[in-house]
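Heads up: the structure comes next, in structure tokens.
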Amino acid sequence: MLKVAMIMMPAWNIEEPPIATAYLGNFLKTKNCAVDIFDCNIDLYKNSPAHKRYLFEGNRFQSWHPQDKFESIIKKELNTDFFLKKWTDRIIASESAVLCFSTYYSNYILSMLLAEALKEKDPGRVIIFGGPQASRHEKAQEFIAKDYIDLVVCGEGEMTLVAIIEALNGERNFKDIKGIIYKINGEIFDNGTPDIEDIDKIPFPTFDGFLLEDYTKKMLPILASRGCINWCKFCAAKPLWSQYRFRKAESILEEMTYLKKRYNIEQFDILDALINGNIKELDRMCELLLAAKTKVYWGGKAVVRPEMTRKFLHKMYDAGCRWLSYGIESGSPRVIKAMGKTFDTKLAIRVLRDTCQAKIAVSTFFIVGFPGETRWDFIKTLWFIIRNRRHIGSISSGQKCGIPANSLLFREADKYGIRFENGDWYSPGNSPREREARHRIFKFVNQMMCLNIVHS
């Protein structure tokens with residue numbers, strides 16, 4: 001089998017290893033592929049001056065794209081040309097024949113620059129782009145149009161990557177591989193985006209090849225599920241998966257037990273779109289953790305739903321749950337409904353209170369300037385936060401509403417009177433200037449209440 005390099009470029013999370021790179025690399029190893037891991041993100045962070053490391057904070061990710069911001073801020077501040085040469089030499093020296101990039105909105109520019117440098121140094125290396133950015137149609141087409149990118153993987157990559165390796169070894173034909181975009185003699189072929197039906201068949205990552213001491217927290221990421229049970233209109237993550245799938249609780253317990261024993265780590269960051277999409281399996285996971293008396297601590301994002309009762313939340317705490325982040329997004333019932341949310345403010349207030357009383361740390365997500373949000377709706381959001389401040393530990397994000405290309409908002413732009421100009425968007429009563437003003441007020445009010453605003 002061909003040797004494969006899994007490459008993660010800046011900027012991304014520096015607290016823990018990248019879960020996608022870990023999953024894909026581990027899966028290839030189970031198929032007898034030799035794999036090298038290159039986390040260039042953590043390498044750049046470690047080797048940047050302390051006073052420049054703020055650029056790796058989540059609320060600074062907008063500085064890494066588009067090209068003009070990258071050139072004026074990141075390239076100037078972090079000397080990326082030096083590191084690109086360093087990474088190029090190291091990856092070429094590894095003799096990996098297949099070079100795989102996990103791309104996100106914050107790292108795709110550096111991914112493209114490194115891919116171009118690698119292809120120039122050795123045109124024989126096969127370069128593959130995957131990840132959420134590659135699964136967005138317009139970006140996938142932009143990637144595959146580049147001479148230095150050979151293949152684009154759309155959607156979940158485990159099975160697809162193995163099939164690509166087999167095709168490169170002459171064991172199968174590219175036209176039979178689902179989930180890829182490729183070109184032959186300049187003509188582009190798109191084979192669609194499949195999902196993996198049973199994610200329990202995918203072995204959990206062991207984090208071989210990562211230097212865990214390089215990351216800023218003694219914590220490891222876990223994926224208990226893939227997909228989401230809802231489709232909020234501002235969300236670009238939902239289109240990446242056509243269905244929601246939750247792993248068996250026994251598999252999650254096995255993963256936590258293995259990683260704790262191997263790395264002496266007790267904290268696990270569950271990176272699901274929502275941790276409580278399958279209440280039955282989540283309850284089963286808690287039961288198993290309690291029965292095994294495994295001392296682990298975990299948390300993640302959650303949706304407000306009636307099943308999050310006081311009794312169940314206390315059970316989650318006893319099983320090790322220590323933090324939950326709820327996507328409230330607005331304090332206006334009208335806006336909540338327009339967003340496609342499945343709860344009301346009364347239920348949200350009850351769940352926040354009960355979570356707090358269960359001693360689980362609560363953070364919340366809010367969005368400022370959703371299309372159709374009036375100033376009165378915005379005031380309702382501020383009032384919601386003020387009257388529930390005792391049950392909100394932090395605001396995970398108070399961001400201005402964006403319209404990702406894969407979102408329902410983008411698809412229904414005419415319905416909302418949305419028009420796109422100068423890299424931003426406008427709708428009746430809603431402009432970049434208005435959103436900026438509301439955002440400043442949002443931050444000021446929360447700071448006055450001593451609520452910590454943390455970008456997530």
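Taken together, the criteria exclude GLY327 from residues that are touching a residue at least 12 places away in the same chain (Cβ under 8 Å) and in a loop (DSSP other than H, G, I, E, B).
If the requirement is being over 21 Å from TYR258 (Cα atoms), in contact with a strand residue (DSSP E or B) (Cβ under 9 Å, 6 or more places away or on another chain), open to solvent by less than 70 Å² (accessible area, probe 1.4 Å) and modelled with pLDDT of 90 or more, which of these qualifies: LEU212, LEU223, LEU151?
Only one candidate passes the filter, namely LEU151.
A residue that is buried (at least 20 other Cβ atoms within 10 Å of the Cβ), out of contact with any Leu (no Cβ under 9 Å at 6 or more places or on another chain) and among the small types (Gly, Ala, Ser) occurs nowhere in the range 278-299. Determine whether PRO194 is in contact (Cβ under 8 Å) with a residue 12 or more places away in the chain, outside any strand (DSSP E or B) and within 20 Å of GLU281 (Cβ to Cβ). Against the criterion (in contact (Cβ under 8 Å) with a residue 12 or more places away in the chain, outside any strand (DSSP E or B) and within 20 Å of GLU281 (Cβ to Cβ)), PRO194 does not qualify. One residue stands out among those in the range 84-112 that are part of a loop (DSSP other than H, G, I, E, B) and within 27 Å of the chain's Cα centre (by Cα): the one that is surrounded by the fewest Cβ atoms within 10 Å (Cβ to Cβ), which is TYR105.
In the range 7-25, is there at least one residue being open to solvent by 50 Å² or more (accessible area, probe 1.4 Å), at pLDDT 95 or above, under 30 Å from GLU158 (Cβ atoms) and not in a loop (DSSP other than H, G, I, E, B)? No - not one qualifying residue is present in the range 7-25. Looking across the range 355-371, the residues that are in contact (Cβ under 8 Å) with a residue 40 or more places away in the chain and surrounded by 19 or more Cβ atoms within 10 Å (Cβ to Cβ) come down to THR355, ALA358, ILE360, SER363, PHE366, ILE367, VAL368, GLY369, PHE370, PRO371. Taking the range 145-182 as the range and being under 14 Å from ILE196 (Cα atoms), among the hydrophobic types (A, V, I, L, M, F, W, C) and in a loop (DSSP other than H, G, I, E, B) as the test, the residues that pass are CYS154, ILE177. One residue stands out among those in the range 374-425 that are in contact with a His (Cβ under 9 Å, 6 or more places away or on another chain) and farther than 21 Å from PHE442 by Cβ: the one that is least open to solvent (accessible area, probe 1.4 Å), which is ASN406. Picking from residues in the range 197-215 that are assigned to a helix (DSSP H, G or I), farther than 22 Å from PRO10 by Cα and not basic (Lys, Arg), the one that is nearest to the chain's Cα centre (by Cα) is ILE199.
The values are calculated or read from the model by the stated rules, or taken from the named source; none is laboratory data. Because the structure is a prediction, the values reported are computed rather than measured. We place every Cβ from the backbone using ideal geometry, glycine too, and count neighbours over all the protein chains shown. The accessibility values were calculated without ligands, DNA or RNA, using every heavy atom of the protein model including side chains. Shrake-Rupley method; radii C 1.70, N 1.55, O 1.52, S 1.80 Å.
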